[in-house]
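**Q** Quick one: the structure is below, questions incoming.
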Amino acid sequence: MEITSFLPPDIIRMIVSAVVIISFVFLNAMVMTYAERKLAGHFQRRPGPMEVGSHGLLQVIVDGLKLIGKQLILPKDVDRPLFRLAPLLAFIPVVLPFIVIPFSEKLQVADLNIGLIFILAISSLNGMAVLIAGWSSNNKYSLFGALRSVAQNIAYEIPILLVVLTVALMANTFSLKGLVEAQSGMWFILLQPVAFIIYFIAGLAETNRAPFDLSEAESELTAGFHTEYSGMGFSLFFLGEYANMFVVCSIATILFLGGWHGIPLPFLEYTGVFWFLLKVYALLFVMIWCRWTYPRVRFDQLMNLAWKYLIPFSLVNFIITAIVLVIVKL
Amino acid sequence: MSGYFSEILTGGKSLLVGLGVTFKAMLQPVVTVQYPREKTDVTSSNYRGHIELVRNPETGSFKCIACGLCAKACPSECITVKSEKREGVKGKVLTVFQLDFTKCSLCGSCVEACNKGAIRFSQDYNIAGFTKEEFHYDLLKRLEEMG
């Protein structure tokens, strides 16, 4: 009996993609944790993890097991349902964008015609998760971390939206596949270098990465919004952060770096994933590189950067692009 | 508005310079060692470990003449020097030289007071212990053990 006789192919497709996506998120978090710790070491001229396994390769697995084995502590006077909900809310929205990301021409779960808007809408839920976590923890550090994070996310979503809109204007589509196909001749980074820089800076802030990691600034707020979380509760925030970084970098790749385009390899429709991942991980490297280079900005500096520099520049860039496009079409 | 654009340029430039510095550091060899298994020697001659006796290269024994100046110079009285008279030997012979390192503040008065150059700072830094008594050093014994 064939499997399709009792399970419609759509459902099989759904299950397979869900499994593949979630395992990819976990795998990505493992690779990123290892890369982050190793690179952090070398930026500071240390070897990084070296003890567990050859060159510390098994360190990530051991850490993961430790986190799974830990007790889920529920501190006194926390808002129970919200406290438990927040890590899930931090994790699920960052997994959903993987549905629309085109890894190569054929490796994409669903090509929504509003893919870009879908990602932006879903990823702004992340701020909500942080706010819930900070509020329900009944801890001043958590609350301060959450407040900062929300203010930061609101400020930096505006330049991201403006920049994304600029690129969508050029490609005349919101479908991520369509955006990549529009770059088969020339990558948009060559036409929109300013937009790329603005997107990358705002992306750093959007993922709460250093130098914009005010919401979890160790020296002031212990660990910010996830101070009270232990075990898997903390790990879900952690996984969410790395998945979010991956999403932000893959959008950068799709919008500016030509997605899966590169030197053609055999089975082009599938092997484009190689170029895609190469570009995404190159951007992730830059993110890690920035983290271990710059000191954390002050809160007023953070807000100044968004409102006084990024937003005006992205607005002007948007208007100029619109005018040029109208003139070219005429 | 004055300085708005120049700030972007100078700021952006300094950010790029910063990235360059860390990138270069990443490519350079690591400078740390995996401590309990790998150890490095103290390379600075200014390093002050606990004091040790200096060997006389001619006799192969200690240089100390047991005058006790170091014990007198010590503000925390952590040095104990004992000696005896031996037949056929000129002067006193050192029999006990103990240092109570729990009291020592590494001020170096003993090293300064010694006019025979018989004590100096050692280069020991691996000196964690579980009891107070572990830090009562018998420096004479230590000199013998060092061969």
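The values are calculated or read from the model by the stated rules, or taken from the named source; none is laboratory data. Because the structure is a prediction, the values reported are computed rather than measured. Positions of Cβ are generated from backbone atoms using ideal geometry, with glycine treated the same way; all protein chains shown enter the neighbour counts. When the accessible area is computed, the model is the full protein with side chains, heavy atoms only, and any ligands, DNA or RNA have been set aside. Shrake-Rupley method; radii C 1.70, N 1.55, O 1.52, S 1.80 Å.
**Q** Of the residues A:ALA110, A:ALA155, which single one is among the aliphatic types (A, V, I, L, M), out of contact with any strand residue (DSSP E or B) (no Cβ under 9 Å at 6 or more places or on another chain) and open to solvent by less than 20 Å² (accessible area, probe 1.4 Å)?
**A** The match here is A:ALA155.
**Q** Can you tell me which residue is most open to solvent (accessible area, probe 1.4 Å) among those in region B:92-137 that are closer than 27 Å to B:THR40 by Cβ and in a strand (DSSP E or B)?
**A** Going through the qualifying residues, I end up with B:ARG120.
**Q** Within region A:227-257, restricting attention to residues that are crowded, with 20+ Cβ neighbours inside 10 Å and over 18 Å from the mean Cα position of the chain (by Cα), which residue is farthest from A:ALA35 (Cα to Cα)?
**A** Checked region A:227-257; the qualifying residue farthest from A:ALA35 (Cα to Cα) is A:GLU228.
**Q** Looking only at region A:284-330, which residues are open to solvent by less than 50 Å² (accessible area, probe 1.4 Å) and among the polar types (S, T, N, Q)?
**A** Across region A:284-330, the qualifying residues are A:THR293, A:SER314, A:ASN317, A:THR321.
**Q** Give the residue that is nearest to the other protein chains (Cβ to nearest Cβ), with candidates limited to residues of region A:47-75 that are within 25 Å of the chain's Cα centre (by Cα) and either part of a loop (DSSP other than H, G, I, E, B) or aromatic (Phe, Trp, Tyr) (or both).
**A** It comes out as A:GLY48.
**Q** From the list A:GLY272, A:GLY231, A:GLY224, exactly one residue is in contact (Cβ under 8 Å) with a residue 60 or more places away in the chain, on the phi > 0 side of the Ramachandran plot, touching an Asp or Glu at 6+ places or on another chain (Cβ under 6 Å) and of a type in the set (Gly, Ala, Ser). Which is it?
**A** One residue alone meets the criteria, A:GLY224.
**Q** Does region B:97-146 hold any residues that are in contact (Cβ under 8 Å) with a residue 12 or more places away in the chain and among the polar types (S, T, N, Q), and which are they?
**A** B:GLN98, B:THR102, B:SER105, B:SER109, B:ASN115, B:SER122, B:GLN123, B:ASN126
**Q** Which pairs have Cβ atoms under 8 Å, sit 6 or more apart or on different chains, and link a residue in region A:32-45 that is free of Cβ contacts under 8 Å to residues at least 24 places away in the same chain to one that is buried (at least 17 other Cβ atoms within 10 Å of the Cβ) and assigned to a helix (DSSP H, G or I)?
**A** The qualifying pairs are A:ARG37/A:GLY56; A:ARG37/A:GLN59; A:LYS38/A:GLY56.
**Q** When region A:286-315 is examined, which residues are found to be without any contact (Cβ under 8 Å) to a residue 60 or more places away in the chain and within 13 Å of chain B (Cβ to nearest Cβ)?
**A** A:GLN301, A:ASN304, A:LYS308, A:TYR309, A:PRO312, listed by residue number.
**Q** What residue, of A:ILE197, A:ILE132, is open to solvent by 40 Å² or more (accessible area, probe 1.4 Å) and in a helix (DSSP H, G or I)?
**A** A:ILE197
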